Amino acid sequence: MSVRHIIWEGKGLLLLDQRRLPEEEAYVRCDDARQVAEAIKAMVVRGAPALGIVAALGVALEAARLGGEDLSLLEEKVASACELLRSTRPTARNLFWALERMEGVLKGWRGEGRDLPRALEEEALRIWSEDVEANRTMGCLGAELLPQGSRVLTHCNAGALATGGYGTALGLIRRAHEEGRVAEVFASETRPLLQGARLTAWELSREGIPVSVITDNAAGHLMQRGQIGAVVVGADRITARGDTANKIGTYPLAVLARGHGIPFYVVAPSSTFDLSIARGDEITIEERDQEEVLNLYGRRIAPHGVRALNPAFDVTPAELITAIVTEKGIIWPPLEKGIRELLG
Ligand code: MRU
């Protein structure tokens, strides 16, 4: 993808405003951790790995901004920046994982005789470049799962925009397309914020990968007619037994895929795994503002006075997942054993 969605300037961070895509390519500028936290909450930037990268850059930004302060005070302020960023969105493991890495630097930098702002910046940039590398590796490994000429369904946006670049599910699809394995991609629109229709379709069409947007409720019909050969999605948090939280609407796709004998693949880097919990019902599911459901493009679509529920994620049980593609290898069922052996 030629548009840069995260631009690091050392004392400033520019984020491509994903709320305004595909109509406009506009950037939001952040000068401190508080502004980064606001951007995450408002979904200027979204997608599990991207949240981790941007949060880490937010910490580095705070340290760069306060560089001249007394060192103990600087440490205290950086630690509160980590806390603030941690409170933005609860489900994506990558956000917490990246902040734990930044806190590791905060604990170790004195002993290593390093400059704190520089050490934090280097760690954040490392988190970013490691993610892009992981995406590319997953793309290579996972592409082989798709036979030539596959028609693939993906949900939400697990592309370059949702990561450091290249993408998890879309990384696999990109690579498989290069190898002639993808004839068409179906992007489910992903109500309420339409990440599929707006972002996935934008990314794929810019690269000349054939994509058709479908409504979220069209998947069953297409599967019944034999038009979908595989489902490929990303993940926000994967437990030790393989239960997988991803954008709301992923679980019904997994049930449908199983019902039609269609493989259901999850693509996620090791930073998405949370081995501290076993079961999916232990994952905190973000509840977002009901106005996101009740309105579309600023226009009310439900009667006034009606309430809405807006869970942002659901959990697909391990049993419905055909395989999980990680940068360390492909995990096949039983997922719990595979996860323990590869990542434990
Ligand atoms: O609410 P969002 O847009 O942050 O949700 C994003 C998703 O659910 C993605 O599918 C997931 O983060 C995988 S991103 C590579």
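Quick notes
- ILE324 being in contact with a strand residue (DSSP E or B) (Cβ under 7 Å, 6 or more places away or on another chain) and not in a strand (DSSP E or B): no
- Residue within the range 241-255 that is within 16 Å of the ligand (Cβ to nearest atom), farther than 29 Å from VAL132 by Cβ, touching a helix residue (DSSP H, G or I) at 6+ places or on another chain (Cβ under 8 Å) and among the aliphatic types (A, V, I, L, M) present: no
- The set of residues from the range 149-175 being touching an Asp or Glu at 6+ places or on another chain (Cβ under 8 Å) and more than 21 Å from ALA92 (Cα to Cα) comprises ARG151, VAL152, ARG174.
- Test: residue in the range 247-260 that is buried (at least 21 other Cβ atoms within 10 Å of the Cβ) and in contact with a Cys (Cβ under 7 Å, 6 or more places away or on another chain): yes
- Where a residue in the range 29-55 is under 16 Å from THR91 (Cβ atoms) and near the ligand (Cβ under 9 Å from one of its atoms) and its partner, wherever it lies, is open to solvent by 20 Å² or more (accessible area, probe 1.4 Å) and not acidic (Asp, Glu), with Cβ under 8 Å and at least six apart: MET43/ARG19; MET43/LEU193; ALA48/ARG93; ALA48/ARG237
- Of all residues in the range 147-166 being under 12 Å from the mean Cα position of the chain (by Cα) and outside any loop (DSSP other than H, G, I, E, B), the one that is farthest from ILE53 (Cα to Cα): HIS155
- Matching option when the condition is surrounded by fewer than 24 Cβ atoms within 10 Å (Cβ to Cβ) and in contact with a Pro (Cβ under 6 Å, 6 or more places away or on another chain), among ALA64, ALA79, ALA26: ALA64
- Condition check for LEU141: touching a strand residue (DSSP E or B) at 6+ places or on another chain (Cβ under 7 Å) and open to solvent by 30 Å² or more (accessible area, probe 1.4 Å): yes
- Criterion violated by TYR297 - all others in (1) more than 16 Å from the ligand (Cβ to nearest atom); (2) hydroxyl-bearing (Ser, Thr, Tyr); (3) crowded, with 18+ Cβ neighbours inside 10 Å satisfied: (3)
The values are calculated or read from the model by the stated rules, or taken from the named source; none is laboratory data. What you are looking at is a predicted structure, and each value in this text was computed from that prediction instead of being measured. Please note: Cβ atoms are built from the backbone with ideal geometry, for glycine as well, and neighbour counts cover all protein chains shown. Heavy atoms of the whole protein, side chains included, go into the accessibility calculation; ligands, DNA and RNA do not. Shrake-Rupley method; radii C 1.70, N 1.55, O 1.52, S 1.80 Å.
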